[in-house]
Amino acid sequence: MEQEVTQAVEQWLTDVVVGLNLCPFARKPLRAGQIRYRVSTANEDKTLLEDLLAEFQLLDTTPENELLTTLLIIPKHLYDFSDYNQFLDQAEWIMERNSYIGTYQLASFHPHYQFAGTTPEDAENLTNRAPYPILHLLREENLANMIGLYPDPETIPENNIRRVESLSQEEKLQLFPYLFQQLKK
């Protein structure tokens, strides 16, 4: 199962995140093999927090040129988006408690991701939807450097929304087949 989960996330990263250029900073570490895909076996919060802390510690001890970022994939827990959202508070607490604020950032992805003020069907939610719940651990200094090199980084979210809104229904089904199956349930 771990291999299938990792392959699904790698495909999503390649086709959606990089393919649609939703994150203009993802292509380089993807090509350089600097992304770690860690499938958590956690089925409850305590174990997941332990996994999260272990990934931060791994980033602490691994040079940036070997490991730039980690995708902590959660296939057995936090399937409900509201539970996932509540867990993010615990993840932030772990970061604060271990003095990781300012060193790392978390980005969040979920199969049912929904921005405040949107409906589940709104296309903009696709920018943060992934095959499984994911906690993306980013090195803050590296992110700041990349953002500093990017012209008009504040336009990235607007550009992403326009990009996913411009997708045809056929393209959405091709890029996100698992999401549409889940939405119909």
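The values are calculated or read from the model by the stated rules, or taken from the named source; none is laboratory data. Keep in mind it's a predicted model, so treat the numbers as computed, not measured. As a convention, Cβ positions derive from the backbone with ideal geometry for all residues, glycine included, and neighbour counts pool all protein chains shown.
Among residues belonging to segment 112-142 that are under 14 Å from the mean Cα position of the chain (by Cα) and hydrophobic (A, V, I, L, M, F, W, C), point out the one that is surrounded by the fewest Cβ atoms within 10 Å (Cβ to Cβ).
Ranking the qualifying residues of segment 112-142, first place goes to 138.
Residue 137 - would you say it is in contact with a Ser or Thr (Cβ under 7 Å, 6 or more places away or on another chain) and closer than 29 Å to residue 2 by Cα?
yes
Here are some residues: 54, 130. Which one is farther than 28 Å from residue 160 by Cα and either small (Gly, Ala, Ser) or in contact with a helix residue (DSSP H, G or I) (Cβ under 6 Å, 6 or more places away or on another chain) (or both)?
Sole residue among the options that is farther than 28 Å from residue 160 by Cα and either small (Gly, Ala, Ser) or in contact with a helix residue (DSSP H, G or I) (Cβ under 6 Å, 6 or more places away or on another chain) (or both): 54.
Conditions tested, residue by residue: (1) surrounded by 14 or more Cβ atoms within 10 Å (Cβ to Cβ); (2) touching a His at 6+ places or on another chain (Cβ under 6 Å).
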{"site": "59", "(1), (2)": "yes, no"}
{"site": "66", "(1), (2)": "no, no"}
{"site": "84", "(1), (2)": "yes, yes"}
{"site": "87", "(1), (2)": "yes, no"}
{"site": "92", "(1), (2)": "no, no"}
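Residue check, residue 109 against (1) out of contact with any Pro (no Cβ under 9 Å at 6 or more places or on another chain); (2) surrounded by 14 or more Cβ atoms within 10 Å (Cβ to Cβ); (3) under 18 Å from residue 16 (Cβ atoms), all met but one. Which one?
Status for residue 109: all satisfied but (1).
Out of 42, 8, I need the residue that is at pLDDT 95 or above, part of a loop (DSSP other than H, G, I, E, B) and either surrounded by 15 or more Cβ atoms within 10 Å (Cβ to Cβ) or touching a Phe, Trp or Tyr at 6+ places or on another chain (Cβ under 6 Å) (or both). Which one?
Step by step, each of 42, 8 is checked, and only 42 is at pLDDT 95 or above, part of a loop (DSSP other than H, G, I, E, B) and either surrounded by 15 or more Cβ atoms within 10 Å (Cβ to Cβ) or touching a Phe, Trp or Tyr at 6+ places or on another chain (Cβ under 6 Å) (or both).
Of the residues that sit in segment 24-39 and are outside any helix (DSSP H, G or I) and free of Cβ contacts under 8 Å to residues at least 40 places away in the same chain, which one is surrounded by the fewest Cβ atoms within 10 Å (Cβ to Cβ)?
The qualifying residue surrounded by the fewest Cβ atoms within 10 Å (Cβ to Cβ) is 33.
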